[in-house]
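The values are calculated or read from the model by the stated rules, or taken from the named source; none is laboratory data. Quick caveat: nothing in here was measured; it's all calculated off a predicted structure. Positions of Cβ are backbone-derived with ideal geometry, glycine not excepted, and every protein chain shown enters the neighbour counts. When the accessible area is computed, the model is the full protein with side chains, heavy atoms only, and any ligands, DNA or RNA have been set aside. Shrake-Rupley method; radii C 1.70, N 1.55, O 1.52, S 1.80 Å.
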Amino acid sequence: NSGDDGIVRMEENRGRPCLGRSRIEALGPVLLQNGRFLKMTKTNPRIAFIKARWHAEIVDRAQDGFLAEAATLFPGARIDAFDVPGAFEMPRLAKKLARTGRYDAVVAAALVVDGGIYRHDFVAGAVVTGLMNVGLETGIPCFSVSLTPHHYQETAAHRAFFRDHFVRKGAEAA
């Protein structure tokens, strides 16, 4: 359903206004601030990209996807990469980087897998909540490319699937 204002209304969104994909794409690079989409006007944004080192061969693909898409959306962007041991350390570094005032956005990527104990749920929740709090406390947008698959296995098929999936998720973060 589309209203006269051009805002697409979807039942899945429980009647709350939302922008359709074509409408968002027409805006070009945008930031979401106070519930409104704003056109990104800075021509040379500086972005921090944090990567957890667990499953680095998969997680690094998110940066590949991000860099490729960022080159199209904002070719003058400067993207600085940072490594942390695991996902749990990402919010702390994100907050430290956001507080420097040098970055226009922070992106954090990780793969948190179920190692046979319930701890991965707590880690994933803490990471996403921590990253959200960084954005709320500092005013610097903080994006998560942190995935927690339910049934990840160290097989060639799963590794290939998640490598490809992280490329797409990295591009979406851009």
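From the list A108, A81, A94, A71, the one residue that fits, being among the small types (G, A, S), within 18 Å of I140 (Cβ to Cβ) and over 13 Å from the mean Cα position of the chain (by Cα), is A81.
Scanning segment 69-91 for residues that are within 24 Å of V128 (Cα to Cα) and assigned to a helix (DSSP H, G or I) returns E69, A70, A87, F88, E89, M90, P91. In this structure, K169 does not qualify as of a type in the set (K, R) and at pLDDT 95 or above. Among the residues of segment 128-172, those that are within 17 Å of I50 (Cβ to Cβ), charged (D, E, K, R) and exposed (fewer than 14 other Cβ atoms within 10 Å of the Cβ) comprise E137, E172.
Give all pairs with beta carbons closer than 8 Å in which a residue from segment 142-165 that is farther than 14 Å from V59 by Cα meets a residue that is at pLDDT 85 or above and open to solvent by 40 Å² or more (accessible area, probe 1.4 Å); count only pairs at least 6 apart in sequence or on separate chains. Here the result reads C142/M132, each pair linking segment 142-165 to a residue that is at pLDDT 85 or above and open to solvent by 40 Å² or more (accessible area, probe 1.4 Å). Please verify whether segment 68-80 includes one or more residues that are acidic (D, E) and open to solvent by 70 Å² or more (accessible area, probe 1.4 Å). No, every residue in segment 68-80 fails to be acidic (D, E) and open to solvent by 70 Å² or more (accessible area, probe 1.4 Å).
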